[in-house]
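Peer 1: First the structure, then my questions, so here it is.
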Amino acid sequence: MNVLAIGCHPDDIETLCAGTLARFSQLGHIVTICHVANGNMGHTQIQPDELRQIRRKEARSAGSLIGAEVVSCDIGDLLVDAESKEQKDKIIDVIRQAQPDLIITHSPEDYMPDHVAVSRLVFAASFTATLPHYETSQPGIAALTPIYYMDTLAGIGFQPEEYVDISETIGVKLNMLKQHESQLKWMADHDQIDFPEFVLTCARYRGLQCGVTHAEAFRVCRVWPRVRPERLLP
Ligand SMILES: [Zn+2]
């Protein structure tokens with residue numbers, strides 16, 4: 001199976017679904033990680049252009065830990081726009097290139113506008129990517145796939161429908177997260193948060209809910225014809 005995870009900032013995928021992606025990867029599936037925004041505003045001292053490059057490198061080294069390809073739409077932070085045709089077309093290109101059987105993205109009710117915009121863009125792009133007469137720079141079309149929404153930040157307002165046991169991949173997930181060094185420092189300075197601890201606590205809590213040590217939680221985008229009768233998550 002081709003699995004495409006589309007998150008907003010470099011580190012969102014690591015935070016919300018990397019344990020599941022690691023499991024997909026272990027099972028021999030092909031995993032692609034796409035960051036829509038380039039994360040250029042996430043620091044107190046480093047200037048946006050330099051940070052953009054640092055975060056691209058951090059994202060690549062995180063993805064390499066599970067053999068995932070990492071791509072970016074390279075949109076500036078806080079400029080993600082659910083109504084933008086140009087941004088939708090960039091995501092269509094990513095989808096047509098990755099040829100996913102399954103897409104994972106943000107919940108439409110996540111905590112900040114760019115995450116919500118990514119969720120809406122992915123929903124629209126994954127439909128449009130199937131239309132042969134809708135041309136973008138990437139040739140070919142993609143199939144209409146199931147979409148899974150990953151947990152919200154800190155799980156607020158998110159009622160899980162499916163859990164993935166990540167007890168064996170929590171270590172890889174945290175290592176992936178730790179590749180985002182610039183962000184761990186930013187979160188500590190700007191928000192006084194020990195981010196690995198935050199992510200570990202969320203995984204532990206989701207684990208408690210389903211009777212395992214650590215878990216990640218998902219909801220299914222239930223619209224025709226994206227729903228499947230079988231379980232697709234590991
Ligand atoms: Zn984010």
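Peer 1: Filter the range 1-36 down to the residues that are touching a Phe, Trp or Tyr at 6+ places or on another chain (Cβ under 9 Å) and not aliphatic (A, V, I, L, M) and list them by number.
Peer 2: Asp11, Thr15, Cys17, Thr20
Peer 1: Now for a different question. Could you pull out the residue among Asp12, Asp74, Asp49 that is within 16 Å of the ligand (Cβ to nearest atom), acidic (Asp, Glu) and surrounded by fewer than 18 Cβ atoms within 10 Å (Cβ to Cβ)? Reasoning before the result, please.
Peer 2: Details: Asp12 fails: surrounded by fewer than 18 Cβ atoms within 10 Å (Cβ to Cβ); Asp49 fails: within 16 Å of the ligand (Cβ to nearest atom).
The unique qualifying residue is Asp74.
Peer 1: Exactly one condition in (1) without any contact (Cβ under 8 Å) to a residue 40 or more places away in the chain; (2) within 13 Å of the ligand (Cβ to nearest atom) is false for Glu83; which is it?
Peer 2: The one condition Glu83 does not meet is (2).
Peer 1: Then there's this: Could you list, in sequence order, all residues of the range 19-39 that are within 17 Å of the chain's Cα centre (by Cα) and not aliphatic (A, V, I, L, M)?
Peer 2: Step one: of the range 19-39, the residues within 17 Å of the chain's Cα centre (by Cα) are 19-25, 29-39.
Result: Gly19, Thr20, Arg23, Phe24, Ser25, His29, Thr32, Cys34, His35, Asn38, Gly39.
Peer 1: Under the condition of being free of Cβ contacts under 8 Å to residues at least 40 places away in the same chain and in contact with a Ser or Thr (Cβ under 8 Å, 6 or more places away or on another chain), which residue from the range 15-46 is nearest to the ligand (Cβ to nearest atom)? Before you say what the answer is, go through the steps one by one.
Peer 2: Just the residues of the range 15-46 that are free of Cβ contacts under 8 Å to residues at least 40 places away in the same chain, to begin with: 28-31, 33, 35, 38, 40-41, 45.
Okay, now just the ones that are also in contact with a Ser or Thr (Cβ under 8 Å, 6 or more places away or on another chain), so 31, 35, 38.
Numbers: Val31: 19, His35: 9, Asn38: 12 Å.
Out of the qualifying residues, it is His35.
Peer 1: Which residues, counting only those in the range 31-55, are over 18 Å from Met187 (Cα atoms) and of a type outside the set (Asp, Glu)?
Peer 2: Correct list: Val31, Thr32, Ile33, Cys34, His35, Val36, Gln53.
Peer 1: Yes or no: Ala68 under 14 Å from the mean Cα position of the chain (by Cα), within 16 Å of the ligand (Cβ to nearest atom) and on the phi < 0 side of the Ramachandran plot? Can you show your working first?
Peer 2: Working: under 14 Å from the mean Cα position of the chain (by Cα): yes; within 16 Å of the ligand (Cβ to nearest atom): no; on the phi < 0 side of the Ramachandran plot: yes.
Considered against the rule, which asks whether it is under 14 Å from the mean Cα position of the chain (by Cα), within 16 Å of the ligand (Cβ to nearest atom) and on the phi < 0 side of the Ramachandran plot, Ala68 comes out as no.
Peer 1: Quickly run through the range 1-18 and pick out the residues that are in a strand (DSSP E or B) and over 8 Å from the mean Cα position of the chain (by Cα). Full working, then the answer.
Peer 2: Within the range 1-18, the first condition is being in a strand (DSSP E or B), and the residues that meet it are 2-7.
Correct list: Asn2, Val3, Leu4.
Bear in mind that the values in this text are calculations on the coordinates, not laboratory data. Predicted model, so just to flag it, every value in this text is computed and none were measured. Counting neighbours? That spans all protein chains shown, and the Cβs are built from the backbone with ideal geometry, glycine included.
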